[in-house]
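S.K.: There's a structure below that I have some questions on.
The values are calculated or read from the model by the stated rules, or taken from the named source; none is laboratory data. Everything numeric here is computed off the predicted structure, so don't read it as measured data. Methodologically, a virtual Cβ is constructed for each residue, glycine included, from the backbone with ideal geometry; neighbour enumeration extends over all protein chains shown. What goes into the accessible areas is simple: the full protein's heavy atoms, side chains included, and nothing from ligands, DNA or RNA. Shrake-Rupley method; radii C 1.70, N 1.55, O 1.52, S 1.80 Å.
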Amino acid sequence: VGFQKILTLTYVDKLIDDVHKEFRDKYRNEFQQKGTLGLLNGTFDFKDDFMRLLRDAEESSKVRAPTVMKTFEQSLKSQKTVKCMIETRGEKPKEKVKNKKNKGSKKEGTEAIAAPGKASAGDKQPSAAGDREELTKDEILQKNREEFFKRHMKAGEKSSKSPKPEAQKEKGKKPRVWDLGNSNAKVLDYSNSATNGSAEACPVEEFDPDTVRKTACWALLASGRCAPYATRSSNLKVTPLLLRSAKKGGLGGMFGMLKGLVGSKSLTREDMDPVLEKMKDHLIAKNVAAEIAVQLCESVAKKLEGKVMGTFTTVTSTVKQALQEALVQILQPQRRVDVLRDVMDAQRHRRPYVVTFCGVNGVGKSTNLAKISFWLIENGFSVLIAACDTFRAGAVEQLRTHTRRLNALHPPESHGGRTMVQLYEKGYGKDAAGIAMEAISYARNQGFDVVLVDTAGRMQDNAPLMTALAKLIAVNAPDLVLFVGEALVGNEAVDQLVKFNKALADHSMAQTPRLIDGIVLTKFDTIDDKVGAAISMTYITSKPIVFVGTGQTYCDLRSLNAKAVVAALMKA
């Protein structure tokens, strides 16, 4: 009843009517006496009755009375006599009235024709009767046959006189003959099937037409080679090959179809390649480095290959979900940098917590250093800023202006006469590593909680400047080395991080060189949803993004929300 499109049962309507009547007649009195409460509280033991009705309906649909052929006595032909089939000479057949719609005119025409016919029959009645008495029945039949053939021969001669068309069109389609093809169609004619090389006719197996029709249609439907309406075709040709394949694969094909509905399809690389190609292009368009986008898609493909899909999931949704999970894992590395906890730990050991900033030119190192200073002061820690950028003009003055602004926001009077931020500078053209060492010593003596070391911007290909940075880090051993990168770059971010890490490793004098510990991602408010630089930077170094710069004021500093970044990255 519920799946009549899949399996048509001829006895369904009869079964429902029988069940309805049986149930009504059996429990009619109980309904009338108890009313609605009888429906709620009553127990209806109707299973045996239903099974009996179902068996009766099934048996009635299987057993059909064979059609009985009519006897000769029951047919109309037996009622005709030999006399009515004999036509006498000179009697003209009655003309058929063409206008069948007007019944009145038809009757009038037949009466008008019948009147002279009766008169002529009356005139020739004695001669016809005399002929019949002289001729036997066989002679009369022979004479009627001769007259019948003569009339048809005359009709054939009349039709032959009609003009014939010059060329009659042949029925059926003609094969197309190509200019450069083989015109011999007999070579390609495989209509005469051969068995083991001899053109013997295939043996015809005995079969039940109803069973074969149902089984063959099920097999075709399950294999997807036949449209649903083809099961009702009356011209379905059943060959022995189709019969054997239907017997073998009919039930298996049905289970295969149901299996596909409940989710048993395993993902293959061929299924995922088109989706992964689109995902790769989407990531590159969102500013993810091309090499990293390829590696991400490869890792997702290896993870999903052979996995069984869900019931109502598609390949696109499965691949997209797996890629989202991989991106969230990349942005949430195992090692998490907690600056406030590390600063308090350094306080217990009575030493300052040292942070060094490095990066290429113009990414916003000094501005974000001032933002982090404001954040630390808001949390109650005093900060000493070391001006180690002795190369860029105006670098020291920029830091001096930030220090004055921060002291205005947090004056010593609000912190018990304690200066919360101070600048340590020695001018331009001096050794940056030496200035950083002196600043750390001064902070230890004056009781500062944090030392923020600002360095000069340098390109990753400049070997002398990269050597100087490696020396500064190796000599002073800071607690945290932060790489400052902007969110606007894509492939360039990978190159910068790789070469900065390589320079720190190559130019370090220690056996275990100090590398980059975390990332500060700046100008994050300028990229809208093209946040691919965050993925590129985190993937290449496996280092966390500690801070994100989102504006120009001191308050525009955030921690990274991995799920929000991935949602923006996957947005179309």
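S.K.: With a 1.4 Å probe and every protein chain kept in, tell me what percent of the accessible surface of the stretch 339-570 is carbon plus sulfur. Don't jump to the answer; show the numbers that get you there.
M.R.: On the way: 5140 of 9960 Å².
Percent of accessible area from carbon and sulfur atoms in the stretch 339-570: 52.
S.K.: Given R₀ = 56 Å, what would the calculated FRET efficiency be for Gln446 paired with Glu277, taking r from the Cβ atoms and rounding to 0.05? Please list the in-between numbers first.
M.R.: On the way: r = 60 Å, r/R0 = 1.06.
FRET efficiency, Gln446 to Glu277: 0.40.
S.K.: Can you list the equivalent-ellipsoid semi-axes of the stretch 267-331, largest first and in whole Å, using the square root of 5 times each Cα gyration tensor eigenvalue?
M.R.: Semi-axis lengths for the stretch 267-331 are 20, 12, 11 Å.
S.K.: Val475 to Thr553: extension gain in nm, 0.36 nm per residue of separation minus the Cα-Cα distance? Provide the component values of the computation, followed by the final result.
M.R.: On the way: separation 78, 0.36 × 78 = 28.08 nm, distance 3.33 nm.
Length gained between Val475 and Thr553: 24.8 nm.
S.K.: Points 7 angstrom from Cα along the Cβ direction at Asn361 and Asn379: gap in nanometres?
M.R.: Result: 3.4 nm between the two label points.
S.K.: When all protein chains stay in place, what accessible area (Å², nearest 10, 1.4 Å probe) is found for Lys471?
M.R.: 90
S.K.: DSSP loop trypsin sites (Lys or Arg not before Pro) in the stretch 262-312 with at most 16 other Cβ atoms within 10 Å of their Cβ, which ones? Before the final figure, lay out the partial values.
M.R.: Values: sites: Lys265, Arg269, Lys278, Lys280, Lys286, Lys302, Lys303, Lys307; in loops: Lys265, Lys286, Lys307.
Hits after loop and neighbour filter: Lys265, Lys307.
S.K.: Between Asp345 and Ser75, what is the label-to-label distance in nm when each label sits 7 Å out along the Cα-to-Cβ direction?
M.R.: 10.9
S.K.: Still on this model: Using a 10 Å cut-off on Cβ atoms, rank the peptides 136-149, 517-530, 361-374, 542-555 from the highest mean neighbour count down. Walk me through the numbers on the way to the answer.
M.R.: Working: 136-149: 11.4, 517-530: 19.1, 361-374: 20.6, 542-555: 17.6.
In descending order of packing, they fall as 361-374, 517-530, 542-555, 136-149.
S.K.: Between Gln32 and Arg145, what is the spin-label point distance in nm, taking each point 7 Å from the Cα along the Cα→C-beta axis?
M.R.: 7.6
S.K.: Select from the stretch 269-346 those GluC sites (Glu not before Pro) which occupy a DSSP coil region and have at most 15 other Cβ atoms within 10 Å, ordered by residue number. Numbers along the way, then the final one.
M.R.: Working: sites: Glu270, Glu277, Glu291, Glu298, Glu305, Glu325; in loops: Glu305.
Sites meeting the loop and neighbour criteria: Glu305.
S.K.: Rank by packing, highest mean first: peptides 533-540, 482-489, with packing defined as the count of other Cβ atoms within 10 Å averaged across residues. Please list the in-between numbers first.
M.R.: Details: 533-540: 25.1, 482-489: 23.2.
Highest-to-lowest ranking by the protection proxy: 533-540, 482-489.
S.K.: Suppose every Lys and Arg Cβ carries +1 and every Asp and Glu Cβ carries -1, with no other charges. What dipole size does the stretch 267-331 come out with about its Cα centre, to the nearest 20 debye? Could you put the intermediate results ahead of the total?
M.R.: Details: 8 positive and 9 negative charges, 37 e Å.
My answer is approximately 180 debye.
S.K.: Accessible area per residue of the stretch 267-331 at 1.4 Å probe, in Å²? Spell out each step's value before the answer.
M.R.: Numbers: 3380 Å² over 65 residues.
Value for the stretch 267-331: 52 Å² per residue.
S.K.: Over the stretch 339-570, with the other protein chains present, what is the accessible area per residue in square angstrom, probe 1.4 angstrom?
M.R.: Working: 9960 Å² over 232 residues.
I get 43 Å² per residue for the stretch 339-570.
S.K.: Moving to a separate point now. Does the stretch 438-541 come out rounded, prolate or oblate by the C-alpha gyration tensor, with a ≥ b ≥ c the root eigenvalues, rounded set by a/c under 1.5 and, if not, prolate when a/b is larger than b/c and oblate if not?
M.R.: Values: a/c = 2.35, a/b = 1.46, b/c = 1.61.
In terms of gyration-tensor shape, oblate.
S.K.: Right, something else. Calculate how many DSSP beta bridges within the stretch 339-570 are antiparallel, expressed in % of all such bridges and rounded to the nearest 5.
M.R.: On the way: 2 of 28 bridges.
In the stretch 339-570, approximately 5 percent of DSSP beta bridges are antiparallel ones.
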